[in-house]
Amino acid sequence: MITKMTGLLTRVLDDEVRIQIGGFEYQLLVSESVRRHIQMRVGQEVTFHVTEYLEGNGSGSRFIPRRLGFNTEAELDFFDLFCTVEKIGAKKALKAMARPVKEIADAISRQDARWLSTLPGIGATTAEQIVTTLKRKVTKFAMLGTPSAPSESTPEGTAESKPSPKTKGQRKSASDAPQSVPEAVAIVVEGQIIEDVYQTLLALGLTPIEARNKLDTLLQSGTTFKTVQDALSLMYSHGK
């Protein structure tokens, strides 16, 4: 079983990424939280902590192997724990992990089923079941530090693909983002700021898709921003 993959990040799509290792390109399913964290690293070498499962059809006559990628081992461990909740399989757990692990774990530890029910695919009954099953098991995840921007240094592990020629601090927008831009623009934005802007847009009443599209459009514009207020001003002053 593959537990870690290091390669060149070639594409970032809505719910998956592609990484190039030697002559092979691999598909990894990712959560929305992971996607936001690495979406500006296309063209750079990245490492994913990986788990696998078999996805079957309704009749059980055909199974497709799927690989799931996570930024850290802690995220992978939390995913495995999340899957122990009754009626939450791999696909549903990955979809629900649209917020950072620390936030989800904190909500579970304080038994906030209402907050959990706002996660994609999680209803009120399932939220209560999550609290009942995991409330005594998530302490270490609730105590995780705030995630920082991805490191530019080469991770441990073997990758057959060549390192990216991009210099430290540069970012490249995803080639398959919803909006079309004539040329990829390198910008510098801290990963945590991107997360904070996304959460603020949700708090303002936008749906996850609307918030993601607004954020992607801003990132592709090539305009830098250092605070949430800067980002919101840019979004709404230009009518985006």
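The values are calculated or read from the model by the stated rules, or taken from the named source; none is laboratory data. What you are looking at is a predicted structure, and each value in this text was computed from that prediction instead of being measured. So basically every Cβ, Gly included, is an ideal-geometry build from the backbone, and we count neighbours across all protein chains shown. Heavy atoms of the whole protein, side chains included, go into the accessibility calculation; ligands, DNA and RNA do not. Shrake-Rupley method; radii C 1.70, N 1.55, O 1.52, S 1.80 Å.
At a glance:
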| quantity | calculated |
| --- | --- |
| So HIS49, is it within 17 Å of the chain's Cα centre (by Cα) and not in a strand (DSSP E or B) | no |
| Tally, over segment 116-127, of residues that are free of Cβ contacts under 8 Å to residues at least 60 places away in the same chain and surrounded by fewer than 17 Cβ atoms within 10 Å (Cβ to Cβ) | 6 |
| Any hit, segment 88-100, residues being farther than 27 Å from ILE194 by Cα and surrounded by 14 or more Cβ atoms within 10 Å (Cβ to Cβ) | yes |
| Residue satisfying all of: in segment 101-114; buried (at least 16 other Cβ atoms within 10 Å of the Cβ) and of a type outside the set (D, E, K, R); nearest to GLU32 (Cα to Cα) among these | VAL101 |
| Contacts under 6 angstrom Cβ, first residue in segment 1-29 being farther than 15 Å from GLU45 by Cα, partner among the polar types (S, T, N, Q) and part of a strand (DSSP E or B), 6 or more apart | GLU16/GLN27 |
| Segment 63-81, residues that are closer than 22 Å to ILE38 by Cα, assigned to a helix (DSSP H, G or I) and either open to solvent by less than 40 Å² (accessible area, probe 1.4 Å) or touching an Asp or Glu at 6+ places or on another chain (Cβ under 6 Å) (or both) | ALA74, GLU75, LEU76, PHE78, PHE79 |
| Scan of segment 201-238 for residues that are open to solvent by 70 Å² or more (accessible area, probe 1.4 Å), part of a helix (DSSP H, G or I) and among the aliphatic types (A, V, I, L, M), ordered by number | ALA203, ILE209 |
| Complete set of residues in segment 216-236 that are under 21 Å from the mean Cα position of the chain (by Cα) and without any contact (Cβ under 8 Å) to a residue 24 or more places away in the chain | LEU218 |
| Candidate set: segment 17-62, residues that are surrounded by fewer than 17 Cβ atoms within 10 Å (Cβ to Cβ) and in contact with a strand residue (DSSP E or B) (Cβ under 7 Å, 6 or more places away or on another chain); chosen: the one farthest from ALA90 (Cα to Cα) | ILE21 |
